[in-house]
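Below: the structure, in structure tokens.
Nothing in this text is a laboratory measurement; each read-out follows from the coordinates by a stated rule. Keep in mind the model is a prediction, meaning the values are calculated, not measured. Glycine also receives a Cβ, built like all others from the backbone with ideal geometry; neighbour counts cover every protein chain displayed.
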Ligand SMILES: [Zn+2]
């Protein structure tokens with residue numbers, strides 16, 4: 001069944017796409033009418049997904065997802081979607097596409113596929129990651145991979161003794177350290193990651209994030225850049241004035257790099273009540289953004305607070321399940 005479906009995705013006749021549209025309308029009879037699903041992606045990787053990369057998708061899966069979305073759904077830019085929503089004339093099965101963090105593979109892998117299907121997307125970029133070429137959790141992962149010892153002693157920075165004897169232990173160490181370090185303010189986080197990378201003797205971190213020239217080219221091609229802070233802090237653990245400073249600095253920097261007026265914001269980590277609060281939503285509104293996006297699952301309708309827009313991506317390996325879950329998402333209230 002799945003094989004046949006995949007074959008139809010590649011060379012399906014028009015009745016096939018028509019039938020899928022009817023199927024989606026049937027699954028979400030009211031929801032698909034006036035609701036928007038905002039898809040969220042992070043990494044799009046050229047080969048099989050690395051076990052250490054959370055939230056990543058392989059390029060082949062991303063390709064069939066975009067083909068399916070372009071044929072069955074109405075893909076809109078955030079500007080178009082919000083405008084149509086205001087006028088109450090959002091078409092059925094409306095979808096917008098977003099990426100968080102600004103990884104280099106968004107340019108090398110995702111962009112050619114988006115262009116192939118004529119799709120526009122918004123890329124939420126971390127300012128300092130563009131400047132420095134990498135982000136703390138990537139430096140951490142590369143350091144963990146580099147260690148060639150059974151254990152590493154991190155008691156001096158309060159992280160205990162970590163086992164790294166095989167790949168499974170390294171995957172586990174990566175998860176555990178990520179969880180512990182993401183709760184720290186950027187300065188403390190950088191200090192501890194620097195300590196670990198020194199121990200690992202990993203010095204040559206590969207460039208993993210978009211650079212300024214790539215951002216400019218993406219904008220030339222019609223893509224939109226959004227703000228994802230300067231240092232990717234968990235907003236709930238930094239003082240509110242530091243959060244304001246971080247967001248503003250990033251907005252000004254990205255205005256300059258993109259030549260666009262940055263209108264949209266995505267909260268780092270993105271879970272309301274856990275990683276940021278309503279206070280931050282008010283702050284983002286005050287800083288002259290037009291809308292802001294969480295990582296909680298949901299849809300957007302006319303009544304949704306534009307500074308608390310939820311997103312959704314079905315992480316399914318088969319097209320049928322992907323389509324079904326995307327259709328079902330339109331039944332969510334917010
Ligand atoms: Zn992020």
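Relative to the dominant Cα principal axis of the chain, helix 167-181 is inclined by about 90°.
For the chain, the longest principal axis of the alpha carbon atoms and the long axis of helix 240-258 meet at an angle near 60°.
Between residue 22 and residue 320, what length in nm is gained on full extension when 0.36 nm per residue of separation is reduced by their alpha carbon distance? Taking 0.36 nm per residue and subtracting the Cα distance, the gain is 105.8 nm. The peptide list 11-17, 96-102, put in order of mean Cβ contacts within 10 Å with the highest first, becomes 96-102, 11-17.
Zone of residue 172 (label point 7 Å along Cα→Cβ, backbone N under 17 Å): which residues in region 116-147? Residues 144-145 qualify, since their backbone N sits under 17 Å from the label point. With kT/(6 pi eta Rh) evaluated at 4 °C and eta = 1.567 mPa s, and Rh the Kirkwood radius from Cα pairs, region 136-200 diffuses with a coefficient of 112 µm²/s according to Stokes-Einstein. Residues 182, 286, arranged from fewest to most other Cβ atoms within 10 angstrom of their Cβ, appear as 286, 182. Taking all pairs of different Cα atoms in the chain, averaging 1/r and flipping that mean, what Kirkwood radius in angstroms comes out? Hydrodynamic radius (Kirkwood, Cα only) of the chain equals 20.9 Å. Principal-axis analysis of the Cα atoms of the chain puts helix 319-329 at an angle of about 80° to the longest axis.
For the pair residue 60 and residue 241, a Förster radius of 41 Å applied to the C-beta separation gives a FRET efficiency near 0.35, rounded to the nearest 0.05.
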